[in-house]
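Student: First the structure, which I've put down as structure tokens, then a few questions once you've had a look.
The values are calculated or read from the model by the stated rules, or taken from the named source; none is laboratory data. Predicted model, so just to flag it, every value in this text is computed and none were measured. Cβ atoms come from the backbone with ideal geometry, glycine included; neighbour counts cover every protein chain shown. For accessibility, only protein heavy atoms count, side chains too; no ligands or nucleic acids. Shrake-Rupley method; radii C 1.70, N 1.55, O 1.52, S 1.80 Å.
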Amino acid sequence: MHLSRAIKLCRQSKGLTQKALACKAKLSTSYLSLLERNKRDLNIKVLEEIADAMDISVVLLIFLAAEEEEIPELSVELKNEFKQLIVGVIK
């Protein structure tokens with residue numbers, strides 16, 4: 001699972017800078033940068049704050065972060081279609 005990649009993808013899809021998202025989520029910009037580079041561990045409270053700041057569901061972030069082998073019920077193609085749809089919706 002790559003929550004760091006999902007956070008960055010959603011942030012960029014929303015057109016937010018790290019500084020803007022960090023401010024909205026009440027985090028430091030440097031901490032958010034470390035999270036996005038997978039250099040810091042992420043707890044559920046911080047994940048919820050980030051999701052709330054972007055007006056998206058924690059569930060969507062977790063889905064976007066999931067690796068193919070973590071959702072064996074979905075084909076790679078279907079998962080990619082879902083990701084594209086989700087990213088288009090969250091803009």
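Student: Set the Förster distance to 25 Å, then compute FRET efficiency between LYS19 and PHE82 from the Cβ-Cβ distance, nearest 0.05. Don't skip to the answer; put the middle values down first.
Tutor: Values: r = 30 Å, r/R0 = 1.19.
After rounding to 0.05, the efficiency reads 0.25.
Student: Peptides 34-46, 53-65: what's the order by average Cβ count within 10 Å, highest mean first?
Tutor: Ranked by mean Cβ neighbours within 10 Å, highest first: 53-65, 34-46.
Student: Report in % the part of the accessible area of region 1-73 that belongs to carbon and sulfur, leaving out ligands and nucleic acids; probe 1.4 Å. Could the numbers behind the result be given before it?
Tutor: Details: 2260 of 4280 Å².
For region 1-73, the apolar C and S fraction of the accessible surface comes to 53 percent.
Student: Still on this structure: Around HIS2, which amide H atoms from residues at least 5 apart in sequence, or from another chain, sit under 5 Å from its own amide H, with H modelled in the peptide plane?
Tutor: ALA66, GLU67
Student: Run through every distinct alpha carbon pair of region 39-91 and return the Kirkwood hydrodynamic radius in angstroms, one decimal place.
Tutor: In region 39-91 this quantity evaluates to 12.2 Å.
Student: Find, to one decimal place in angstroms, the Kirkwood hydrodynamic radius of the chain, where the mean of 1/r is taken over every pair of different Cα atoms and then inverted.
Tutor: 13.3 Å
Student: Grab the DSSP H runs of the chain that are 4 residues or longer, score each as -39,500 (n - 2.57), total them, divide by all residues and round the 222 nm result to the nearest 500 deg cm²/dmol.
Tutor: Values: 6 runs with 60 residues, N = 91.
That calculation yields -19500 deg cm²/dmol at 222 nm.
Student: When the Karplus curve 6.51 cos²θ - 1.76 cosθ + 1.60 is applied with θ = phi - 60°, which whole-Hz ³J(HN,Hα) does each residue of region 47-58 get, with x for Gly and Pro?
Tutor: Working through the residues one at a time gives 4, 5, 5, 5, 4, 4, 5, 9, 6, 10, 7, 4 Hz.
Student: Residues of the chain: accessible area per residue at 1.4 Å, in Å²?
Tutor: For the chain, the per-residue accessible area is 61 Å².
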